[in-house]
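The values are calculated or read from the model by the stated rules, or taken from the named source; none is laboratory data. All values derive from a computational prediction rather than experimental measurement. Glycine also receives a Cβ, built like all others from the backbone with ideal geometry; neighbour counts cover every protein chain displayed.
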Amino acid sequence: MPPFCTTPTEKKWIVSLEWETREGYEKPGAICLVEYSPQTRSVVGYPQRIWRGGTDRGCIEAPHLTRRGDYYYLMVAEGGTGYGHAVTMARATQVAGPYEGDPQNPIVTSWPENFNARHDADHLKPHYFNPQTYLQKAGHGSYVETPTGEVWLTHLCSRPFRQALRCPLGRETAIQKMVWSDDGWLRMAAGGNLAQHQVEESNLPSQPFPAKPDRDDFDGQTLDNAFYAPRIRFQRFTSLERRAGYLALRGQESLSSLNKVSLLAKKLTSVYATIVTKMDFSPEIYQHSAGLTLYYDNMNYLFLHKTWDEASGAAQLAIIYMDNGERHDDPQKIRLAEGEVYLAMAINGREIQCSWSADGEKYQNIGAVYDTSHFSDEYSRYGEFTGAFVGMACVDSMLHRKEALFDFFSYRAVEDAIIE
């Protein structure tokens, strides 16, 4: 939803990006303003261009318009969602402008020196990686003033593996403490414009959220809202009623499909994490498979799964590694007996090790050690920004009927671990 701003005359205005489609013009476009009528629930006239950026970094987007004192303030993102990303500001005494840029733009960034990239189509710009700061790609901000007078700005950022410049956690959100300068511009409380990894706490009363358990035993009537499913509602392929205390996933298409897949996953929030599940699944044909997955997108994932092996006439444990659309089957297979099996993935920095257990006590490793950085925005040729997910999946590419039952899903992560 585009941001609204109400003037003293009670007129309402919307700012948005005009997406430029013509050849020879700066992309992605300019920031535009248009009046909005609450009575007709529609805009009044055509959007008018009001701003093309406070720097020459290019890739202007994400406008926020607010009114404070005698000024209208326009906060935008510039530099692309990569290593040249930044938060910039402009202001005007009239809502339609003319707007003047902050003389110290950008106000928050990971690369403090300005550059000209208005016609550079590469949003990533890895040559602007700054080894002097922990938070990279800082930009795309929004600010709030608290009742106690503090000013806080939230913004996007990423934390890459430094040598590879790959970000498995995708785009994350950071917060900076800000202050208003005497001449009416927003400044970082710590000084400068480099995004800070740590800031002092707010003086607002503490409002702690209840800690979420590391383990979901599927004993409730609904699923945790931290679970994601691509493209379709998870209610179409899940059930908590097949067996008490179990989650049932009805298999659908391959994890490489862009249509209907049965994948229920949580965002990876640390590169130091252990994921465990206990699964009951009886494959009958090789098109049946179910298990744990580390999933970036349909072209990049790791799938530790139980499936049917026609050669041996028995179920087996196997690993599929999808590397930018190229399938690699790990040579190690484990023949499995009937019954439940424990599956695990241990992520230790850049290394991923899969394992399994028959009793949940003694685990045996299976497969190669895989590279966590391959499941990242930078490594993927096809996707951007999502970050990696970990979760449960079931495939029945024949009839879309076969079900896998999961007794629990455990995700334990070291949330404050430093990424190097």
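Out of curiosity, is A346 modelled with pLDDT of 95 or more, touching a Ser or Thr at 6+ places or on another chain (Cβ under 6 Å) and aliphatic (A, V, I, L, M)? Yes: the conditions hold for A346.
For region 200-209, the count of residues that are more than 17 Å from M89 (Cβ to Cβ), free of Cβ contacts under 8 Å to residues at least 40 places away in the same chain and of a type in the set (G, A, S) is nonzero.
For G360, the criteria (1) assigned to a loop (DSSP other than H, G, I, E, B); (2) under 30 Å from G80 (Cα atoms); (3) not hydroxyl-bearing (S, T, Y) hold in every case but one, which is (2).
Of the residues making up region 112-139, those that are in contact with a His (Cβ under 8 Å, 6 or more places away or on another chain) and of a type outside the set (D, E, K, R) are T133, Y134, L135, A138, G139.
Selection within region 372-419: residues that are under 19 Å from the mean Cα position of the chain (by Cα) and among the charged types (D, E, K, R). The member of this set that is surrounded by the most Cβ atoms within 10 Å (Cβ to Cβ) is D377.
Residue-by-condition table, conditions (1) within 30 Å of E23 (Cα to Cα); (2) within 24 Å of the chain's Cα centre (by Cα); (3) not β-branched (V, I, T):
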site	(1), (2), (3)
W111	yes, yes, yes
R118	yes, no, yes
K125	yes, yes, yes
Q136	no, yes, yes
C167	no, yes, yes
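Of all residues in region 207-246, exactly one satisfies the criterion of being of a type outside the set (D, E, K, R), surrounded by fewer than 13 Cβ atoms within 10 Å (Cβ to Cβ) and not in a loop (DSSP other than H, G, I, E, B), namely Q235.
Okay, residues lined up against (1) surrounded by fewer than 13 Cβ atoms within 10 Å (Cβ to Cβ); (2) outside the structural domain of V271 (by the TED database); (3) among the polar types (S, T, N, Q); (4) over 19 Å from V395 (Cβ atoms):
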| site | (1), (2), (3), (4) |
| --- | --- |
| A337 | yes, no, no, yes |
| C354 | no, no, no, no |
| Q364 | yes, no, yes, yes |
| Y370 | no, no, no, yes |
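All told, T277 meets the bar of being β-branched (V, I, T), touching a Ser or Thr at 6+ places or on another chain (Cβ under 9 Å), under 22 Å from P230 (Cα atoms) and crowded, with 18+ Cβ neighbours inside 10 Å. Among the residues of region 34-83, those identified as within 30 Å of the chain's Cα centre (by Cα) and among the charged types (D, E, K, R) are R52, D56, R57, E61, E78.
Residues in region 166-186 that are surrounded by fewer than 20 Cβ atoms within 10 Å (Cβ to Cβ) and under 18 Å from L74 (Cβ atoms): W180, S181, D183, G184, W185.
The requirement of being surrounded by 16 or more Cβ atoms within 10 Å (Cβ to Cβ) and of a type in the set (G, A, S) is satisfied by G82. Is it true that R68 is of a type in the set (D, E, K, R), outside the structural domain of D377 (by the TED database) and farther than 19 Å from R187 by Cα? In short, no. Within region 290-301, restricting attention to residues that are within 16 Å of E253 (Cα to Cα) and out of contact with any Gly (no Cβ under 8 Å at 6 or more places or on another chain), the residue that is surrounded by the most Cβ atoms within 10 Å (Cβ to Cβ) is G291.
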